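Working notes, beginning with the structure itself.
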Amino acid sequence: MDPISQPADKTVKYEIREDVAVICIDNPPVNALGYSTRLGVAEAIKAAEEDDQVKAVVIIGAGRLFSGGADIREFNTPNMTREPSLRTVIQIVENCSKPVIAAIGGTAMGGALELALGCNYRVAKPDAQVALPEVKIGLLPGAGGTQRLPRLAGLEMATNMIVSGSSVDAKSLEGTVFDELIDGDLIEGALQFAKKVAAQGGSHPKVRDRRVEYDNADGFLEFSRGAAALSAKNYPAPQKCIDAIQAAINKPFEEGLQEERDLFVDLLTGSESKALRHVFFAERAAAKISDVPEDTPIREIKKVAMVGAGTMGSGIAMNFLNAGIPVTLLDVNQTAVDRGLATIRKNYDISAKKGKLTEEAVALRMGLLSDSLTFDSLAEADLIIEAVFEDMGAKEEVFKKIDAVAKAGAILASNTSTLDVDEIAAVTRRPQEVLGTHFFSPANVMKLLEVVRGGKTAKDVLATVMKLSKKINKVAVVSGVCDGFIGNRMLDPYVRQAGFLLEEGCLPERVDNVMEKFGFAMGPFRVGDLAGNDIGWAIRKRRRAEDPNQRFPKIGDMLCEQGRFGQKTGAGWYDYPADARKGQPSELVKKMIVENSRNLGIERREISEEEIVGRLVFSLVNEGAKILEEKIAARASDIDIAYLYGYGFPPFRGGPMFYADTIGLYNVVRGIRTYQKGVNGEVWKLSTLLVKLAEEGKEFNS
């Protein structure tokens, strides 16, 4: 399709094909509906209106997709609401005296689908994907989506799409949203459809003129409210989506449109949406590394090898198998290898039983997996990941063996969660090709990947692993080298404070319940029982050996000395009877905690929810600030991403650093200074950066 003469920076192309005006949205990479694009569509509709030759209009996207919706680069800028707004553009389209047809290929997301709903007709490729995903960033469709989609798709389909934000293929909406599906060339099919409807004459349908037909609509929406309350109890957007849909049923179109707008503005200014939008941008920012250009050459990763077939090794391997990359699984004996293979097979079988994978898909993945007992089998691997026991001596020994057989250009990675990657790299002849890849357990499920950049890690090695993380469906955050990197380094003072709270008056269930009420997926003691309390015990032993003056609560060691490692031993901070679905408060642990307080000479007291949350969350914030000071993390939002995707921090609060910004850094510093006066106050060492920002009235994410 050759556009008529237009300035080079135009994001909308306009041409006449016989008697049909074709408006092509051409704003790569996703044909976003930014200001210039909205203006271009409005001007093109006006040109078509004024041209007597034009009998119909087709709006289509350049390339393989219609449009990804709003231009995220305009978020929080004046252009976001600059006229013509999307609502205005849709009104212009809707009022056009000539039939307007949206031709959708690839995807139409958010505002793009709302634009299509404002057209008289819609055609699409059968596999095109459409969605109104605004709820995922704490908003609702703000340009008529909640009013028009129920009128076309029906109440149930529209409600499910709007409240979940999930995408649906065009074939599922044939005969409702889409008037015709086009198997062949999209533009040619759209032109034929446009000529056909233009030749019919008369008026053309407007979605706004239809009614939502559904028996007992109020009852269905009440049921939807209950379901949303269970699945998204801390998020107002799903409920307000349903409010807007209710207005589509009970009010005239213009009144419903205004209610949608009012609800949208309420959400836009609310804390949850601000937090979720922060997360949206933070995730994208995490992929950017200031000194690694986007055009840095990438190494090809065709084969991966895992050294260590335990729980972590087998879980990590699954990520690559899922992405279609062959994996060799290596361990010291056949029993260990067989156990790893069985774990992978079991996980896939569970997915198949749940309908998440077909038997063919399971067979394909297992067919990419091979096992080995010798390091020679690693010779052809492009990426070799070590996942052995968290012990420096063991890891150094493994890396010497890997280095001896790995081919030139292979990337060597350690799954260490705390150890010095530079020390590991130093035992090889190629430290520039060594880095850390800290997967989180269970590795085949958890989204976070900490990519630990060593002092000598080459830029192309880092760029390759960051790009690979997307292919294996991980959210990667770059960390510098320090004990614990970003996540576990911050976890240390958090867990210490949890232990000190036990010394001073709390019980595990009290702390866990308060933090889960705050929004954490699990409180600190339930997490400890799940992960294994012996892991933290081993780390404490190592750190005490390195620095005998380090101050840790004694109670965690006392627990482990009794063999209460958590769920795997049937006892930890909680008791796990055979028939219990989750841990039960333990009388033995309660007695141990109270006796420990007595031995320490601490008079137990009632501790408020506010203090529990403050001490735990502010410990994360304070350590996060130190990590920023030391440039272990590049930006505060990277720390937020690590805690959101790796540690169960509530997304509706935006991460620990964003949460601190929200309540004010002055208040964080004031709170910590109060805690410094308490029984265990000497452990609080305020971050210089945190104090400086608080005094200047600034924020971490400003």
Enter the Cα centre distance for the pair segment 572-631 and segment 395-460, rounded to the nearest angstrom. 33
Please report how far the C-alpha centroid of segment 66-118 lies from that of segment 155-194, rounded to the nearest whole angstrom. 16
In the calculated pair distance distribution of segment 38-135, what percentage of Cα-Cα distances lie above 19 Å? 42
For each of 318, 366, count neighbouring Cβ atoms within 10 Å of the residue's Cβ, then give the residues from fewest to most. 366, 318
Apply the Karplus curve 6.51 cos²θ - 1.76 cosθ + 1.60, θ = phi - 60°, to the phi angles in segment 465-471 and return the couplings in whole Hz, x for Gly and Pro. 5, 5, 5, 4, 4, 5, 5
If we restrict to alpha carbons, what Rg and Dmax does the chain come to, in Å? 28.8, 93
Rounded to the nearest 10 degrees, what's the angle between the helix 217-231 long axis and the longest principal axis of the chain, both from Cα atoms, 0 to 90? 30
Rounded, prolate or oblate: which one fits segment 204-323, using the alpha carbon gyration tensor with axes a ≥ b ≥ c (rounded when a/c is under 1.5, else prolate when a/b beats b/c, else oblate)? prolate
Taking the dipole of segment 122-277 about the Cα centre (Lys, Arg +1; Asp, Glu -1; charges at Cβ), the one of 201, 257, 164 that reaches farthest to the positive side is 257
Phi angles of segment 637-645, converted by Karplus (6.51 cos²θ - 1.76 cosθ + 1.60, θ = phi - 60°) into ³J(HN,Hα) in whole Hz with x for Gly and Pro, give 5, 5, 5, 4, 4, 4, 7, 6, 9
Lysine-lysine proximity count for segment 12-267, Cα under 16 Å, sequence distance 8 or more or distinct chains: 13
Got the relative contact order for the chain handy, in percent, Cα pairs under 8 Å and 6 or more residues apart? 9
Options 117, 597, 103, ranked by Cα towards positive dipole end of the chain, top entry (Cβ charges): 597
From the Cα gyration tensor of segment 105-176, with a ≥ b ≥ c the square roots of its eigenvalues, which class applies: rounded if a/c is under 1.5, or else prolate if a/b is larger than b/c, or else oblate? rounded
Please give the charge dipole size of the chain, origin at the Cα centre, charges +1 on K and R Cβ atoms and -1 on D and E Cβ atoms. Round to the nearest 20 debye. 1120
Work from the charge dipole of segment 304-479 (Cβ charges, +1 for Lys and Arg, -1 for Asp and Glu, about the Cα centre) and give the residue of 446, 340, 479 farthest towards its positive end. 446
Can you quote the Å³ per residue value for the convex hull of the Cα atoms in segment 304-479, rounded to an integer? 98
Specify whether the C-alpha gyration tensor of segment 221-269 places it in the rounded, prolate or oblate class, a ≥ b ≥ c being the square roots of the eigenvalues: rounded for a/c under 1.5, otherwise prolate if a/b is larger than b/c and oblate if not. oblate
Counting alpha carbon pairs within less than 8 Å and at least 6 residues apart, what relative contact order, in whole percent, applies to segment 466-547? 13
Segment 12-267 - Rg (one decimal) and Dmax (whole number), Cα, Å: 17.4, 56
Step through the residues of segment 596-611 one at a time and calculate ³J(HN,Hα) from phi using the Karplus curve (6.51 cos²θ - 1.76 cosθ + 1.60, θ = phi - 60°), rounding each to whole Hz and writing x for Gly and Pro. 4, 4, 4, 5, 7, x, 9, 7, 5, 9, 6, 10, 6, 4, 4, 5
Treating only the Cβ atoms of Lys and Arg (+1) and Asp and Glu (-1) as charged, compute the dipole magnitude of segment 234-292 about its Cα centre; round to the nearest 20 debye. 280
Can you show me the helix-derived [θ] at 222 nm for the chain, built from DSSP H runs with n ≥ 4 at -39,500 (n - 2.57) apiece and divided by the number of residues, rounded to the nearest 500. -15000 deg cm²/dmol
Amide H contacts under 5 Å for residue 575, placed H, 5+ residues apart: 584, 586
Set 554/591; 554/677; 591/677 screened for pairs whose C-alpha atoms are more than 24 Å apart: 591/677
Could you tell me what a quarter of the Cα convex hull surface of segment 496-696 works out to, in nm² with one decimal place? 11.7
What size of dipole, in debye to the nearest 20, comes out for segment 1-157 about its Cα centre when the only charges are +1 on Lys and Arg C-beta atoms and -1 on Asp and Glu C-beta atoms? 420
Would you order 204, 278 from fewest to most other beta-carbon atoms within 10 Å of each residue's own beta-carbon? 204, 278
Cα-Cα over 19 Å, subset of 517/568; 302/470; 447/698: 517/568; 447/698
Over the alpha-carbon set of segment 399-466, divide Rg by the Kirkwood Rh and report the Rg/Rh ratio to two decimals. 0.97
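The numbers here are math on the coordinates, done by the rules we state, and not lab data. None of these values were measured; they are calculated from a predicted model. Methodologically, a virtual Cβ is constructed for each residue, glycine included, from the backbone with ideal geometry; neighbour enumeration extends over all protein chains shown.
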